[in-house]
1. Looking at (1) surrounded by 22 or more Cβ atoms within 10 Å (Cβ to Cβ); (2) on the phi > 0 side of the Ramachandran plot, can you tell me which one residue B:307 breaks?
2. I'd like to check which helices (runs of 4 or more DSSP H) are fully inside the range B:263-341 and have at least 2 residues that are within 30 Å of residue A:54 (Cα to Cα), in the same structural domain as residue B:225 (by TED's automatic domain parsing) and at pLDDT 85 or above.
3. Residues of the range A:80-96 being part of a helix (DSSP H, G or I) and either more than 8 Å from every other protein chain (Cβ to nearest Cβ) or crowded, with 23+ Cβ neighbours inside 10 Å (or both), which ones?
4. Can you name the condition, by its number, that residue B:20 falls short on among (1) more than 14 Å from chain A (Cβ to nearest Cβ); (2) in contact with a helix residue (DSSP H, G or I) (Cβ under 8 Å, 6 or more places away or on another chain)?
5. Considering only the range B:46-63, state which residues are more than 18 Å from residue B:114 (Cα to Cα) and touching a residue at least 60 places away in the same chain (Cβ under 8 Å).
6. Only one of (1) at pLDDT 85 or above; (2) assigned to a helix (DSSP H, G or I); (3) touching a helix residue (DSSP H, G or I) at 6+ places or on another chain (Cβ under 8 Å) is not met by residue A:172, so which one is it?
7. Somewhere in the range A:179-192, is a residue assigned to a helix (DSSP H, G or I) and either in contact with a helix residue (DSSP H, G or I) (Cβ under 9 Å, 6 or more places away or on another chain) or touching a residue at least 60 places away in the same chain (Cβ under 8 Å) (or both)?
8. So if I check each of B:246, B:335, which one is touching a helix residue (DSSP H, G or I) at 6+ places or on another chain (Cβ under 9 Å), within 14 Å of another protein chain (Cβ to nearest Cβ) and under 30 Å from residue B:182 (Cα atoms)?
């Protein structure tokens with residue numbers, strides 16, 4: 001198994017406040033990894049450090065055998081932020097074109113990727129509309145399409161399915177699984193939705209800046225004697241208090 | 001390549017925001033025109049009442065565009081003046097002139113008093129030739145607007161470019177797209193460069209419009225070369241652009257960006273030379289040295305009013321270039337907030 005992301009003894013503090021504490025784990029190629037934990041646990045901070053937008057206070061993060069932050073590795077990371085960062089005066093197509101042109105893609109590839117990404121999130125019909133007129137769910141879908149635009153090896157999706165209806169959520173998860181199986185992509189998602197957690201290959205539970213549990217959904221359920229993931233989450237939390 | 005993509009996006013956004021474009025291109029012209037009208041307004045002709053004044057003098061008053069009404073044996077000067085709407089009343093009793101001024105507008109009264117005094121003295125000397133007056137800069141037609149308009153042109157270029165570039169990048173910060181950009185392989189330098197070129201293009205157009213409008217439509221005095229005027233204004237626009245982008249990193253909202261205007265923009269007006277700097281306290285004069293607008297105003301006044309050549313304004317141009325360079329470098333560091341690399 002090839003390792004794509006390795007996080008070693010990573011701690012992060014903002015001023016006096018410790019946000020992440022001694023996080024260690026490895027991510028394998030071709031797996032979906034879920035970060036679950038309550039709001040404010042430090043999931044987003046961890047994701048941002050993997051992207052290289054922030055640096056750990058101590059410890060190190062390697063992506064594809066390079067220490068982060070590294071500009072060249074960003075070609076291989078598709079990132080979807082928690083809040084939609086889109087240009088609302090521009091159309092969906094213009095947004096996609098703009099982000100596509102920031103990556104090393106030739107004209108034909110760019111066109112092909114835009115069609116693929118827009119089709120995946122069901123936005124092909126709406127690409128000529130201005131993003132300002134989009135609904136919340138449409139914006140979320142456009143953000144996801146942008147994360148996929150350069151065909152990256154690694155996908156970091158910060159709460160990708162918030163505000164997306166169950167049907168589309170189901171098809172997005174199917175596509176994530178297809179990308180994992182056929183394209184060997186490494187995918188990290190943060191989520192609150194426990195049935196999504198069950199579809200991950202590995203789960204990292206983060207609470208108060210610490211990694212409290214790590215394993216396959218099945219392992220975690222057995223370890224915490226739980227029948228559902230909600231229970232795992234609650235039991236793991238209690239045990240750690 | 002990435003810079004080009006960013007520039008293209010800035011153009012798309014700007015062209016779609018018609019009001020901002022209007023503000024950038026039309027507002028400066030509007031304000032300049034207004035100031036032109038306000039400052040170059042003709043002084044209202046004064047009316048003077050006279051009693052016992054020689055006909056020669058009355059002719060002289062009339063020649064100086066002063067309306068004259070003759071009275072005989074007025075009892076109350078005040079009542080007469082109010083009744084006949086007079087600005088002044090001159091009475092000569094026993095060869096001694098006695099002048100009464102209405103003084104509702106002290107400035108107008110003072111100038112009227114000056115005129116009358118001057119005439120009385122020439123009358124005494126019985127000088128036939130009018131006093132010859134010489135002007136080093138400008139002419140007897142020079143208005144206040146001619147002197148301050150070079151500064152105003154510079155100020156409007158500075159103000160509007162500062163505001164629009166600052167808010168432009170701020171929008172990118174508040175909507176999270178700047179942070180999102182930082183998750184792509186774009187370099188910080190590429191972002192700063194794209195913003196300088198993207199907004200710079202609009203600043204160039206604005207500068208050209210403002211300069212040509214002021215010179216051709218408002219008939220502002222231009223003694224020196226128009227190319228030097230454009231050069232100074234473009235450099236000033238670059239300073240405003242880089243400063244606007246820089247200060248937007250210290251603002252959390254558009255409203256906070258507007259709060260920079262009284263702190264950063266207005267003080268520059270005071271130190272730009274519209275108000276005499278020589279009379280200020282020494283420490284205050286030293287403050288002018290850190291104001292970009294001071295150097296631009298100095299150069300513009302030099303070129304437009306005094307006819308300075310490029311070599312005369314080289315010092316000012318150099319300082320403006322240093323300002324721009326410093327702000328641009330600081331911008332590169334300010335972006336580290338979003339990505340350490």
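1. Among (1) surrounded by 22 or more Cβ atoms within 10 Å (Cβ to Cβ); (2) on the phi > 0 side of the Ramachandran plot, the lone unmet condition for residue B:307 is (1).
2. B:314-334
3. From the range A:80-96, those part of a helix (DSSP H, G or I) are A:92-96; that's our starting set.
Scanning the range A:80-96 gives A:92, A:93, A:95, A:96.
4. (1)
5. The answer is B:54, B:56.
6. Of (1) at pLDDT 85 or above; (2) assigned to a helix (DSSP H, G or I); (3) touching a helix residue (DSSP H, G or I) at 6+ places or on another chain (Cβ under 8 Å), only one is false for residue A:172: (1).
7. yes
8. Working: B:246 fails: within 14 Å of another protein chain (Cβ to nearest Cβ).
Among B:246, B:335, only B:335 is touching a helix residue (DSSP H, G or I) at 6+ places or on another chain (Cβ under 9 Å), within 14 Å of another protein chain (Cβ to nearest Cβ) and under 30 Å from residue B:182 (Cα atoms).
The values are calculated or read from the model by the stated rules, or taken from the named source; none is laboratory data. In this text, all values refer to a predicted model and were calculated from it rather than measured experimentally. Methodologically, a virtual Cβ is constructed for each residue, glycine included, from the backbone with ideal geometry; neighbour enumeration extends over all protein chains shown.
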